[in-house]
Amino acid sequence: MSRLQITFDALKQQQRKALIPFITAGDPAQKMTVPLMHGLVTAGADVIELGVPFSDPMADGPVIQRASERALKQGMTLRGVLNMVAEFRQQNTRTPVVLMGYGNPIEAMGWSEFAQRCEEVGVDGVLTVDFPPEESHDAFEHLQRHHIAPIFLLAPTTNEARIKQVAKLARGYVYYVSLKGVTGSGSIDLSAIEEKMPQLRKHIQLPIGVGFGIRDAATAKAVAKLCDGVVVGSRIVQEVETSNEQNVVANVSKLVSELRQAIDN
Amino acid sequence: MTYNFPDISGHFGQFGGSYMAETLVPAVEELTAQYLRFKDDAEFKAELAYELKHYVGRPSPIYHAKRLSEHLGGAQIYLKREDLNHTGAHKINSAMGQALLAKRMGKKRVIAETGAGMHGVATATVAARFGMECIVYMGAEDIVRQAPNVFRMKLLGATVVPVESGSKTLKDACNEAIRDWVTNVESTFYIFGTAAGPHPYPMMVRDFQCVIGNEAKVQMPEMIGRQPDAVIACVGGGSNAIGLFNPYIEIPEVQIIGVEAGGYGIASGKHAAPLTANAKVGVLHGNRVNLMQDENGQIIETHSISAGLDYPGVGPEHCLLKEIGRAQYVAINDDEAIAAFDALCRFEGIIPALESSHALAHAIKIAPTLAKEKVLLVNLSGRGDKDMNTVAKLKGITL
């Protein structure tokens with residue numbers, strides 16, 4: 001059984017919801033990423049989404065754009081991100097890690113080598129924002145061969161036919177983008193999520209995580225009631241941005257603990 | 001071989017496709033369906049033809065640049081005068097077509113990215129013409145380079161949003177327009193400027209721009225009794241070029257030459273010529289194309305004196321035409337483009353856009369090596385009024 005499945009099964013048994021924080025690898029500094037990952041787990045993260053920085057992050061708002069720019073300035077590369085996961089796995093073999101980013105850095109490395117390396121270092125899932133299922137055939141084949149879960153986004157604009165298609169291809173969990181917009185924008189519409197969820201559940205057996213627009217503990221708590229997992233990205237990256245190397249792990253951990261408590265209570 | 005691209009899913013061989021975030025996938029699918037529904041619709045075609053004739057001023061003439069040709073002492077240079085269109089460039093051909101489609105789709109808000117500002121001006125123009133709200137994204141560096149066009153867009157009622165991220169040029173404006181579209185997908189039509197991006201844009205923009213080549217195919221035999229020996233156009237994303245080239249693909253005797261921006265020279269690495277430099281294939285802005293990138297797949301900053309060509313990718317159909325050998329792609333450096341700009345001003349009384357000056361520069365380069373009977377048709381895709389500041393600065397003059 002995969003780490004993602006074990007994690008979500010266990011949560012279901014405990015009647016708890018997953019907390020899935022996102023950080024950008026290499027932000028604020030390469031040496032801080034692995035300590036931050038451990039900090040996230042200690043503070044209560046169930047799954048870690050690790051952002052692979054890209055020069056042109058078209059689906060991201062200003063907060064994650066700036067994080068990508070900081071990371072690239074530090075010389076962060078996809079190979080470097082994979083090495084970070086290997087280092088993380090020396091101490092943690094339990095927490096699933098999902099790489100999230102854009103297709104071109106993977107294309108440049110080659111899907112075959114990338115998928116193989118993912119398996120070697122202990123990556124569990126890959127989410128490529130700009131590769132919809134229609135353009136992912138090659139990517140799939142390689143990911144499947146190496147037991148890496150392809151994670152897909154669904155959006156408020158996704159129609160039923162596409163939900164079915166994604167349901168067939170997705171593994172691990174499905175990430176529902178709760179609003180029309182880039183990461184970190186707007187405010188979440190809880191009633192719209194509640195309305196969409198039955199349509200998603202009808203076709204999707206996998207756990208459903210919801211993200212985009214979750215900025216505080218109260219919202220995280222409300223969203224958690226509607227789905228299986230809460231993804232928090234820009235708010236955490238913002239915490240990284242306003243911290244320094246000395247206090248970043250403590251500050252981010254404090255924020256994630258608050259989110260954890262809100263979701264569990 | 002019959003040339004029939006793209007396929008139903010928007011692929012030009014290995015190139016093109018539709019690489020978009022999930023939120024936008026239904027929007028591009030809807031756009032494809034609506035475009036396919038209206039493109040052969042008699043009423044749509046009649047309205048577009050009417051607007052192109054009475055508002056844009058088509059057909060654009062072809063002009064024999066006799067003095068310049070005589071000076072060069074070789075092949076005859078003919079110019080397809082897209083610079084004489086309303087708004088001063090070829091961009092209006094496609095902006096008009098897309099606006100008419102937006103109108104039929106009930107979209108009241110249009111957005112656009114722009115580099116040199118010509119597509120922004122064209123979009124602001126059609127938005128004013130049809131009473132639509134218009135937002136134009138433009139790199140902060142380009143706003144400085146192309147100040148007159150920024151003012152024009154504002155006069156036409158558009159909001160110009162400066163883009164401060166990345167290299168602050170066309171690709172970043174494109175990123176920001178995509179972000180707007182994700183956010184406002186239901187109310188907004190994205191009037192894309194070039195024959196690139198996710199399907200159906202490379203096909204749709206090409207189809208609207210093919211008016212250039214279709215006219216030329218009729219005009220050249222009227223003028224000289226035959227088709228030209230070569231058609232030449234500048235290539236950034238490549239919309240003016242594909243509009244001229246595509247109708248000529250089926251005539252194998254006509255050589256097709258695309259001219260990319262060589263910047264400081266291919267060897268310098270500071271250019272915007274992915275095809276000439278054999279850039280690796282990658283994915284950006286919704287399509288798979290030759291793309292200027294580093295070994296880690298990060299997009300690298302490009303350089304060209306011309307803001308309209310300053311882009312790391314290129315339309316997928318050009319990638320295919322190069323791969324199958326039907327078209328040839330070359331690069332012209334900044335200084336060669338400026339020399340061509342000067343030459344056209346002095347010999348013909350025509351001030352060309354810096355983008356178009358690249359195409360002209362290649363014609364000037366090869367004309368002397370060819371016989372006097374040979375005919376080169378250059379797409380003069382835009383006029384140079386917008387480039388006064390850039391050229392003056394290069395010459396050390398303060399306006």
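Residues that are within 25 Å of B:A337 (Cβ to Cβ) and within 14 Å of chain A (Cβ to nearest Cβ): does segment B:224-238 have at least one? Scanning segment B:224-238, I find no residue that is within 25 Å of B:A337 (Cβ to Cβ) and within 14 Å of chain A (Cβ to nearest Cβ), so the answer is no. Here segment A:27-74 is the region considered, the condition is being among the basic types (K, R) and either within 14 Å of chain B (Cβ to nearest Cβ) or surrounded by 24 or more Cβ atoms within 10 Å (Cβ to Cβ) (or both), and the residue that is nearest to A:R16 (Cα to Cα) is A:R66. Inside segment B:201-250, residues that are within 17 Å of B:G382 (Cα to Cα), more than 11 Å from the chain's Cα centre (by Cα) and not in a helix (DSSP H, G or I) make up a count of 3. Screening B:G73 against (1) under 30 Å from B:T369 (Cβ atoms); (2) buried (at least 17 other Cβ atoms within 10 Å of the Cβ) leaves a single unmet condition, (2).
Of all residues in segment A:193-202, how many are touching a helix residue (DSSP H, G or I) at 6+ places or on another chain (Cβ under 9 Å) and either surrounded by 18 or more Cβ atoms within 10 Å (Cβ to Cβ) or in contact (Cβ under 8 Å) with a residue 60 or more places away in the chain (or both)? The number of residues fulfilling the criteria is 2. When B:M105 is tested against (1) among the aliphatic types (A, V, I, L, M); (2) touching a strand residue (DSSP E or B) at 6+ places or on another chain (Cβ under 6 Å); (3) away from chain A (no Cβ under 14 Å), exactly one condition is not met: (2). Filtering segment A:216-231 to residues that are more than 12 Å from A:I193 (Cα to Cα), buried (at least 21 other Cβ atoms within 10 Å of the Cβ) and in contact with an Asp or Glu (Cβ under 9 Å, 6 or more places away or on another chain) leaves A:A220, A:G229, A:V231. Is it the case that some residue within segment B:16-29 is in a strand (DSSP E or B) and within 14 Å of chain A (Cβ to nearest Cβ)? For segment B:16-29, residues in a strand (DSSP E or B) and within 14 Å of chain A (Cβ to nearest Cβ): present.
Of all residues being in contact (Cβ under 8 Å) with a residue 24 or more places away in the chain and of a type in the set (G, A, S) in segment B:250-267, which is surrounded by the fewest Cβ atoms within 10 Å (Cβ to Cβ)? Just the residue, please. The residue in question is B:G265. Apart from one condition, B:A127 fits all of (1) surrounded by fewer than 24 Cβ atoms within 10 Å (Cβ to Cβ); (2) small (G, A, S); (3) part of a helix (DSSP H, G or I); the exception is (1).
Screening B:P198 against (1) outside any loop (DSSP other than H, G, I, E, B); (2) touching a Phe, Trp or Tyr at 6+ places or on another chain (Cβ under 7 Å) leaves a single unmet condition, (1). Kindly check whether there is at least one residue in segment B:89-104 that is in contact (Cβ under 8 Å) with a residue 12 or more places away in the chain, surrounded by fewer than 23 Cβ atoms within 10 Å (Cβ to Cβ) and not in a helix (DSSP H, G or I). No, because not a single residue in segment B:89-104 is in contact (Cβ under 8 Å) with a residue 12 or more places away in the chain, surrounded by fewer than 23 Cβ atoms within 10 Å (Cβ to Cβ) and not in a helix (DSSP H, G or I).
Selection of segment A:116-143 for residues being at pLDDT 95 or above and polar (S, T, N, Q) yields A:Q116, A:T128.
Is it the case, given these coordinates, that A:Q91 is surrounded by fewer than 17 Cβ atoms within 10 Å (Cβ to Cβ) and either more than 17 Å from the chain's Cα centre (by Cα) or within 14 Å of chain B (Cβ to nearest Cβ) (or both)? When the stated conditions are applied, A:Q91 passes them.
The requirement of being charged (D, E, K, R), farther than 30 Å from B:I364 by Cβ and touching a residue at least 40 places away in the same chain (Cβ under 8 Å) is satisfied by B:E51. When B:S69, B:S60 are checked against the criterion of being closer than 30 Å to B:I366 by Cβ, part of a loop (DSSP other than H, G, I, E, B) and away from chain A (no Cβ under 14 Å), a single residue qualifies: B:S60. With respect to (1) surrounded by fewer than 22 Cβ atoms within 10 Å (Cβ to Cβ); (2) free of Cβ contacts under 8 Å to residues at least 12 places away in the same chain, the lone exception for A:D138 is condition (2).
Only strands (runs of 3 or more DSSP E) whose full extent lies in segment B:282-399 are considered here, and the ones with at least 1 residues that are surrounded by fewer than 17 Cβ atoms within 10 Å (Cβ to Cβ) and in contact with a Gly (Cβ under 8 Å, 6 or more places away or on another chain) are B:327-333. Can you name every residue in segment B:274-304 that is away from chain A (no Cβ under 14 Å) and touching a His at 6+ places or on another chain (Cβ under 9 Å)? Listed by number, the residues that qualify are B:L275, B:A277, B:H303, B:S304.
Residues that are closer than 17 Å to B:Y248 by Cβ and touching a Gly at 6+ places or on another chain (Cβ under 9 Å) within segment B:1-11 comprise just one, B:F5. Summed over segment B:141-184, residues that are buried (at least 24 other Cβ atoms within 10 Å of the Cβ) and hydrophobic (A, V, I, L, M, F, W, C) total 9. Taken together, the residues in segment A:97-116 that are away from chain B (no Cβ under 14 Å) and touching a helix residue (DSSP H, G or I) at 6+ places or on another chain (Cβ under 6 Å) amount to 3. Among the candidates B:G325, B:G297, the residue that is in contact with a strand residue (DSSP E or B) (Cβ under 7 Å, 6 or more places away or on another chain) and at positive phi is uniquely B:G297. Got at least one residue in segment B:251-270 being away from chain A (no Cβ under 14 Å), over 25 Å from B:G197 (Cβ atoms) and touching a Leu at 6+ places or on another chain (Cβ under 7 Å)? For segment B:251-270, residues away from chain A (no Cβ under 14 Å), over 25 Å from B:G197 (Cβ atoms) and touching a Leu at 6+ places or on another chain (Cβ under 7 Å): absent. Selection over segment A:153-192 of residues that are more than 10 Å from chain B (Cβ to nearest Cβ), over 25 Å from A:L143 (Cβ atoms) and crowded, with 23+ Cβ neighbours inside 10 Å gives a count of 1. Looking only at segment B:243-273, which residues are β-branched (V, I, T) and more than 18 Å from B:I366 (Cα to Cα)? Matches in segment B:243-273: B:I249, B:I251, B:I266. Against the definition (surrounded by fewer than 22 Cβ atoms within 10 Å (Cβ to Cβ), of a type in the set (V, I, T) and either in contact with a Pro (Cβ under 6 Å, 6 or more places away or on another chain) or modelled with pLDDT under 95 (or both)), how does B:T23 come out, yes or no? Considered against the rule, which asks whether it is surrounded by fewer than 22 Cβ atoms within 10 Å (Cβ to Cβ), of a type in the set (V, I, T) and either in contact with a Pro (Cβ under 6 Å, 6 or more places away or on another chain) or modelled with pLDDT under 95 (or both), B:T23 comes out as no. Selection of helices (runs of 4 or more DSSP H) fully inside segment A:8-104 by the criterion of at least 2 residues being without any contact (Cβ under 8 Å) to a residue 60 or more places away in the chain and among the charged types (D, E, K, R) returns A:62-73, A:78-89.
The values are calculated or read from the model by the stated rules, or taken from the named source; none is laboratory data. Since we're looking at a predicted model, the values are computed, not measured. For neighbour counting, all protein chains shown are included, and Cβ atoms are generated from backbone atoms with ideal geometry for every residue, glycine included.
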